[in-house]
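Readers should treat all values here as calculations from the given coordinates under stated rules, not as data from a laboratory. Treat the numbers as computed from the prediction; the structure is a model and nothing was measured. So basically every Cβ, Gly included, is an ideal-geometry build from the backbone, and we count neighbours across all protein chains shown.
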Amino acid sequence: MPDIESLLKETRRFKPDPAFAREANWNKKTVAEHRKQADKNPEKYWAARAKENITWFTPWKKVLDWKPPFAKWFVGGKLNVSYNCLDRHLEEDGGARRNKAAIIWEGEPGDTRVITYAELHREVCKFANVLKTQGIKKGDRVVLYMPMIPELAIAMLACTRIGAPHSIVFGGFSADALRDRIDDVGAKTVITADGGFRKGAGFPLKQAVDDALKMTKAVDTVIVVERTKQDVKMKKGRDLWWHDLMKDASPKCAAAKLDSEHPLFILYTSGSTGKPKGILHTTGGYLTHVTTTFKAIFDIKDSDVYWCTADIGWITGHSYVVYGPLAAGATTMMYEGVPVHPGPDRWWELIEKWGVNIFYTAPTAIRTFIRLGDEHPNKHDLSSLRLLGSVGEPINPEAWMWYHKVIGKKNCPIVDTWWQTETGGIMITSLPGVVTTKPGSATLPFPGIDPEIYDEEGNVAKPPGGGLLVLRKPWPGMLRGIWGDNKRFKEQYWSRFEDTYFCGDGAHRDKDGYFWIMGRIDDVMNISGHRIGTMEVESALVSHKGVAEAAVVGRPDDITGTAIVAFVSPRGGTKATDAFKKTLIGHVSKEIGAIARPAEIRFTDALPKTRSGKIMRRLLRDIASGVESTGDTSTLEDFSVLASLRGDED
């Protein structure tokens, strides 16, 4: 088959701001030295980062033990994640960070908490002792099913303190999805809350736990945080209130000295079919990866307020809300609710209120705000912002430009980051103050990361060229397997090319060596012998001033092989007419060529998305093809969107 073709013609360039570059943690000279070291000896490079950024109880004996596809990093080394995120900040530099804000939290109703490093340390130690009194030992798995409240971060860090791997299940998942994950991981304890706040109302969590536990006998104890004060049933002998257990718990708990490869967490990611995959991450390599990337990519200063908008139930929340920021001694912000409640300016209000300096969010959120209108961010003072980031999926160039102009006021570098649940941390990214950015491109690999683009036969697609994105060398934050299923781990990630990790994404590399992620390889369309990624057609649609968001899929076609079907959400004030459809078809032809013009355009108020904001093109493909959707839909946020689209089809 031919390589994936790039039709996007993006010529805008943004050089690093000299004033930003002068103050950046990593400058051009630093990065050149990092790349030189990493290219010459990746193991030595990561060993230097591990010494620089992590406190070890016992030094490692060997940097990497690589028996493809299984890796062990910093073999023999001992450390503790909770210690690195808390204790050392109370001890180093005379305890200079003791009274620094570790977490700034705001609930959706407007209640707030600011927790210092000393206070967080105390709460984590107390809850670690609670877990011990409930019989949780090193190696026991604990499931967390909670809203975005500080107790979630406290519970995570308490688990890591005693060596109990945690598995966080996003608080919007159903009882069935929760049960499946509890059973698969073999959890002894579930930590939950009576409920949480979303869109102005309390939603239940404890009830879902009760329903899940009717279908499994795995769990001995349920610990419940009181958040919404809604009525819940407490089963005697099993269910216990968090506040009752914490009342008399000791604030002293030594951090366990854990092996570098000790399991840290299992995080489930849905597969297209069958049961979800439990992605296993371990301790030393993961913490080295996320701490190093956090400090370099976000240019973190001790005075910064950093806000990543991801829910902690997703990998972005694990790596860049909790572990990376706290290991780096940063102030990390958490917000409980949705972006548009009680009004469409809630996020911008929070940035102004807390003086946020670094803001990291998803393209889907950016496109939502584009649709809502510029007037909402424009009525707030966003001058505290100095760095913006994008995560979750490829960002359309026009969404990038809106982010740059309207939110960053043309003053903030944008770091567009590519990575996955499986990679643990950021892999391809711009570096602020160093790399010239191109709207829509994740730019270049982080030092020590070795991505490549292969064709179907495993040959390198030389730039400029597109194909399958792979990672040729092991990296510290890499997944160590699928929980309890090594066979699936090998087949899913390592079977396509020998000893090489297949990412599942298509990508293009331009003549400057910049990477452009083109979406999941399953979404690549073969049109009259041309392989075209969905992202570029979507970007062409979104570049029209009347379009807020678009998703593109292919359906079978007798003549071309595949016909392009576009699902389009118009901006406010734009009418969804046949004339507008013709305008958009012509616009795509003009922007990227007649080969990419949609055969069909369907207007919709909303697109089916996962709870982390990614468009579920698999479901749209089924709708466009007129077939019944199959596979896992547990991550779908709003089933009414799917029902509405099917109704339109009828």
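Which links in Lys29/Lys410; Lys28/Lys405; Lys51/Lys257; Lys100/Lys353 stretch past 23 Å when you go from one Cα to the other? Pairs exceeding the cut-off: Lys29/Lys410; Lys28/Lys405. Classify region 572-626: rounded, prolate or oblate, from the alpha-carbon gyration tensor (a ≥ b ≥ c, eigenvalue square roots; a/c under 1.5 rounded; otherwise prolate if a/b is larger than b/c)? In terms of gyration-tensor shape, prolate.
Please sort by residue number the trypsin sites (Lys or Arg not before Pro) in region 2-107 whose DSSP state is loop and whose Cβ has at most 14 other Cβ atoms within 10 Å. Write out the running numbers ahead of the final one.
Values: sites: Lys9, Arg12, Arg13, Arg22, Lys28, Lys29, Arg35, Lys36, Lys40, Lys44, Arg49, Lys51, Lys61, Lys62, Lys72, Lys78, Arg88, Arg97, Arg98, Lys100; in loops: Lys9, Arg12, Arg13, Lys61, Arg97, Arg98, Lys100.
In loop regions of region 2-107 (DSSP not H, G, I, E or B), the sparsely surrounded trypsin sites (Lys or Arg not before Pro) are Lys9, Arg12, Arg13, Lys61.
For region 406-495, which trypsin sites (Lys or Arg not before Pro) are in a loop by DSSP, counting at most 11 other Cβ atoms within 10 Å? Present the calculation step by step, with values, prior to reporting the outcome.
Details: sites: Lys409, Lys410, Arg472, Arg480, Lys487, Arg488, Lys490; in loops: Lys409, Lys410, Arg472, Arg480.
Sites meeting the loop and neighbour criteria: Lys410.
Computed across region 77-229, the Kirkwood radius stands at 16.3 Å (inverse of mean 1/r, all Cα pairs).
Dipole of the chain computed with +1 at Lys/Arg Cβ and -1 at Asp/Glu Cβ about the Cα centre; of Thr368, Gly504, Ile358, farthest Cα towards the positive end is Ile358. The overall shape of region 16-97 is oblate: from the C-alpha gyration tensor, with semi-axes ordered a ≥ b ≥ c, the ratio a/c is 1.5 or greater and a/b is no larger than b/c. Take the chain, drop everything but the C-alpha atoms, weight them equally and run the Debye formula without solvent; then report log10 I(q)/I(0) at 0.08, 0.10 Å⁻¹ to two decimals. The Cα Debye sum returns log10 ratios of -0.56, -0.92.
Taking 10 °C and 1.306 mPa s as the conditions, I'd like the Stokes-Einstein D for region 504-601 in µm²/s, using the Kirkwood hydrodynamic radius from alpha carbon pairs. Don't skip to the end; give the middle numbers.
Details: Rh = 13.9 Å.
D, rounded to a whole number, is 114 µm²/s.
Here the chain carries DSSP beta bridges of which approximately 60% are antiparallel, counting only pairs with both residues inside.
Magnitude of the Cβ-charge dipole of the chain, K/R +1 and D/E -1, about the Cα centre, nearest 20 debye? Let's see the in-between values first.
Numbers: 89 positive and 82 negative charges, 307 e Å.
The calculation lands at about 1480 debye.
Neighbours of Ala187, meaning other residues whose beta-carbon lies under 11 angstrom from its beta-carbon, give a summed charge of 0 when Lys and Arg score +1 and Asp and Glu score -1.
Taking the Kirkwood radius as Rh and the Cα radius of gyration as Rg, region 294-395 has a ratio of Rg/Rh equal to 0.94. Comparing Ala442, Phe197, His34 along the charge dipole axis of the chain, the residue lying farthest to the positive side is His34, per the Cβ-charge model.
Here the 3J(HN,Hα) profile of region 228-238, calculated from phi with Karplus coefficients 6.51, -1.76 and 1.60 at θ = phi - 60°, is 9, 6, 7, 5, 9, 8, 10, 7, 4, x, 10 Hz, Gly and Pro shown as x.
Looking at region 458-560, the GluC sites (Glu not before Pro) that sit in a DSSP loop and have at most 12 other Cβ atoms within 10 Å of their own Cβ are Glu498.
Here Lys473 is the anchor, and the lysines within straight C-alpha reach of less than 20 Å, apart from those fewer than 8 places off in the same chain, are Lys36, Lys40, Lys44, Lys62, Lys67, Lys72, Lys462, Lys490. Considering only Ser384, Ala118, Ala566, the residue lying farthest towards the positive end of the dipole of the chain is Ala118, judged by Cα position with unit charges set on Cβ.
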